[in-house]
Amino acid sequence: MIRVLIADDQSIVRTGLATILGSEADIEVVGQAADGREALALARRLRPDVCLFDIRMPYVDGIEATRLLSGPDVDEPTAVVVITTFDTDEYIYGALKAGARGFLLKGASPEQLVQAIHCAVNGDAFIDPGVTARLLARFAHTNRRNAAEPIEPLTNREEAVLLTLARGLSNAEIGAALHISMSTVKFHLSSLMTKLRVRNRVELAIWAHETGRMD
């Protein structure tokens, strides 16, 4: 079972999300929080597999809560998916930089919500490709000086995998596009994360944009 914690300051939203996820055979909603402070306390006590956080919450917002649970200084990060009404580049980019493994708008379909949870628990990320491309392209231009150099040069195949990932493709779609197996895709992703000193595919996509590869 995938254990999920939901945090949103609107009761009706929490109920709706819990109903959708609770109808899945392999997902259990283990807790609900009405603000970020409560969400952090529950996450540390319940140790869920995935936290589903709204961005705007009282006391501690979703970006800060994500950073505290899944940021670069966290030894054992918890998978976080951000869900929000606000299609605002600053919020979304901030959540991804804080360590979120994905994000959804609240207008997303139940199928997308479930997919996002599954992706997060498997170490992948579900992010709307159109929004991702827009926000990363916008912010990468102003953050390119901050992009770290790889420990070792990337191979041609790693570059190809990186570019397809940054366009929002899943592992299966990357494999189909490049005519390689799923195990080979995972091997290259692992190698990329090691060389670029990042922890997940979201950070890989950000790096691809920050280094101008998606121009």
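Looking at the structure I just gave you, is PRO48 surrounded by fewer than 20 Cβ atoms within 10 Å (Cβ to Cβ) and either over 22 Å from LEU105 (Cβ atoms) or in contact (Cβ under 8 Å) with a residue 40 or more places away in the chain (or both)? Even if it seems obvious, please write down each step before you answer.
Details: surrounded by fewer than 20 Cβ atoms within 10 Å (Cβ to Cβ): no; either over 22 Å from LEU105 (Cβ atoms) or in contact (Cβ under 8 Å) with a residue 40 or more places away in the chain (or both): yes.
No; evaluated as a whole, the condition is false for this residue.
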Scope the range 152-176; condition of a type in the set (Gly, Ala, Ser), at pLDDT below 95 and under 17 Å from LYS195 (Cβ atoms); matching residues: ALA166
Single condition GLY102 does not satisfy, out of (1) surrounded by fewer than 24 Cβ atoms within 10 Å (Cβ to Cβ); (2) of a type outside the set (D, E, K, R); (3) within 20 Å of ASP9 (Cα to Cα): (1)
Members of the range 55-93 that are modelled with pLDDT of 90 or more, among the charged types (D, E, K, R) and more than 19 Å from GLN10 (Cα to Cα): ARG67
Output for the range 23-45, where each listed residue is surrounded by fewer than 20 Cβ atoms within 10 Å (Cβ to Cβ) and touching a Phe, Trp or Tyr at 6+ places or on another chain (Cβ under 6 Å): ASP35, ARG37
Which listed residue, of VAL202, VAL198, is in contact with a strand residue (DSSP E or B) (Cβ under 9 Å, 6 or more places away or on another chain) and among the aliphatic types (A, V, I, L, M): VAL202
Output for the range 76-99, where each listed residue is without any contact (Cβ under 8 Å) to a residue 40 or more places away in the chain and either buried (at least 24 other Cβ atoms within 10 Å of the Cβ) or not assigned by TED's automatic domain parsing to the domain that holds ILE12 (or both): VAL82
Selection status of GLY31, over 14 Å from PHE53 (Cβ atoms) and either in a helix (DSSP H, G or I) or assigned by TED's automatic domain parsing to the domain that holds PHE53 (or both): no
Lone unmet requirement of (1) part of a helix (DSSP H, G or I); (2) surrounded by 14 or more Cβ atoms within 10 Å (Cβ to Cβ); (3) at pLDDT below 80 for ARG144: (2)
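The values are calculated or read from the model by the stated rules, or taken from the named source; none is laboratory data. Keep in mind it's a predicted model, so treat the numbers as computed, not measured. Quick reminder, even Gly has a Cβ in these numbers, built from the backbone with ideal geometry, and neighbours come from all protein chains shown.
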